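Before any comments, here is the structure.
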Amino acid sequence: MHKINFYLIIFSIFLTSCQSIKDGLSGRKSENSDEFLVKKKNPLVMPPKFMELPKPKEETFDKEISAIDETNNIENILNIEKTQSVNSEKSDSAEDFVLKQLKDK
Amino acid sequence: MNKKIFLIKFLLIFLIFLTDQISKYYIINVFKSQNEEIYLTSFLNFQLIWNEGIAFGLLSFENDLYYNSITFLIVVVILILLFLIRNNDQSSYFYSMIIGGALGNLTDRIRYSSVPDFIDFHIYNFHWFVFNIADIFITLGVICLIVAEIFFNKNKINA
């Protein structure tokens, strides 16, 4: 009987469920050993065909650059030549118009 | 076993279990709407904490196998206690107190997979372990058992 009581008193620690407020609020697991279960990272290795990468083609590269230059040319973008010619034609016609009016008077 | 004595013991277990469950149900409902601790007095607060382990936050594993093993052990201890309360000595009443509390904690272990603790007793910044009503009765039962064992034996030796 005494032995049973002795064991029951020891095993009563399993029946209670108190917890320290610090562990409870932080959610820490006191018996956590997950760090040993983490898989180790493999060492860094060069890719298998790293040196066999294709070299860039120069011709196509130049063509692309020239194409970009053409499209980026400011004169082409603004159509300066065309607008100038239009403006000159317009100014001529306006002068003629004024002169005609003066002659008529 | 006398029916009257059996009824008294059963009522004792049932009352402790009921008190514990009602208190836990009430506290869980209160803490659903708020998360801050409830200030009662300068030395007593209510703070809901979930304990997945046993006493003093020990043996709280993430592994389900360990958790189920501990639960199984608790069930075995309760069954031994139930077997022992058949005797008509004073210790059987203390066993009943322990069973009542243990059943309360076991119910929560099965229902919530952890036991809610909420009574935070502290003196200034020194906080004692947060416990619940079931823990009070288990501890009281164990203390009474120890005291009765010591004094009972002394009387027996003197006689």
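P(r) tail for segment B:69-127: Cα pairs beyond 19 Å make up 45% of the total.
Please give the FRET efficiency for residue A:3 paired with residue B:34, using the beta carbon to beta carbon distance and R0 = 45 Å, rounded to the nearest 0.05. It comes out at approximately 0.40. If you run the Gaussian network model on chain B, springs between alpha carbon atoms under 10 Å, then out of B:146, B:123, B:28 the most flexible one is B:123. Seen from residue B:46, the other residues with C-beta closer than 12 Å to its C-beta sum to a net charge of -3, counting Lys and Arg as +1 and Asp and Glu as -1.
Ordered by the count of other Cβ atoms within 10 Å of each Cβ, fewest first, B:76, B:115, B:142 give B:76, B:142, B:115.
Computed from the Cβ-Cβ distance with R0 of 45 Å, the FRET efficiency linking residue A:42 to residue A:63 stands at 0.55.
With the simple model of a label 7 Å out from the Cα in the direction of the Cβ, residue B:10 to residue A:71 spans 9.1 nm. Neighbour counts of C-beta atoms inside 10 Å place B:19, B:41 in the sequence B:41, B:19, starting with the fewest. Taking 0.36 nm per residue of separation and subtracting the Cα-Cα distance, full extension of the segment from residue B:76 to residue B:63 would add 2.6 nm. Between the helical axis of B:91-111 and the longest alpha-carbon principal axis of chain B there is an angle of about 30 degrees. If only the Cβ of Lys and Arg carry +1 and only the Cβ of Asp and Glu carry -1, the dipole of segment B:58-159 around its Cα centre is close to 420 debye.
Counting Cβ atoms of other protein chains within 10 Å of each Cβ in B:47-56 and taking the mean gives 6. Calculated mean residue ellipticity at 222 nm for chain B: -22000 deg cm²/dmol, from DSSP H runs with n ≥ 4 weighted as -39500 (n - 2.57), summed, divided by the residue count and rounded to 500. Remark: segment B:1-119 is approximated by an ellipsoid whose semi-axes, taken from the C-alpha gyration tensor as √(5λ), come to 29, 20, 11 Å, largest first. Shape class of segment B:52-159 from the alpha-carbon gyration tensor: oblate, with a/c at 1.5 or above and b/c at least as large as a/b. Restricting segment B:1-83 to GluC sites (Glu not before Pro) that sit in a DSSP loop and have at most 13 other Cβ atoms within 10 Å of their own Cβ leaves B:36, B:62. Charge tally for residue B:109 (other residues, Cβ to Cβ under 14 Å; Lys, Arg +1; Asp, Glu -1): -4. Think of segment B:67-159 as a dipole: +1 on every Lys or Arg Cβ, -1 on every Asp or Glu Cβ, centred on the Cα centre; then among B:77, B:136, B:113, B:77 lies furthest on the positive end. Stretching the chain fully between residue B:25 and residue B:140 yields a gain of 39.2 nm (0.36 nm per residue, less the alpha carbon separation). Under a model in which nothing but the beta-carbon of Lys, Arg (+1) and Asp, Glu (-1) is charged, segment B:9-90 shows a dipole of about 340 debye around its Cα centre. Taking amide H as placed 1.01 Å from N in the peptide plane, residue B:51 has its amide H under 5 Å from the amide H of B:115, B:117, each at least 5 places away in sequence or on another chain.
Computed from the coordinates by the stated procedures, all read-outs in this text should not be read as laboratory data. Bear in mind the structure is a predicted one, so any value in this text is a computation, not a measurement. Cβ coordinates were reconstructed from backbone atoms using ideal geometry, including for glycine residues, and neighbour counts include every protein chain displayed.
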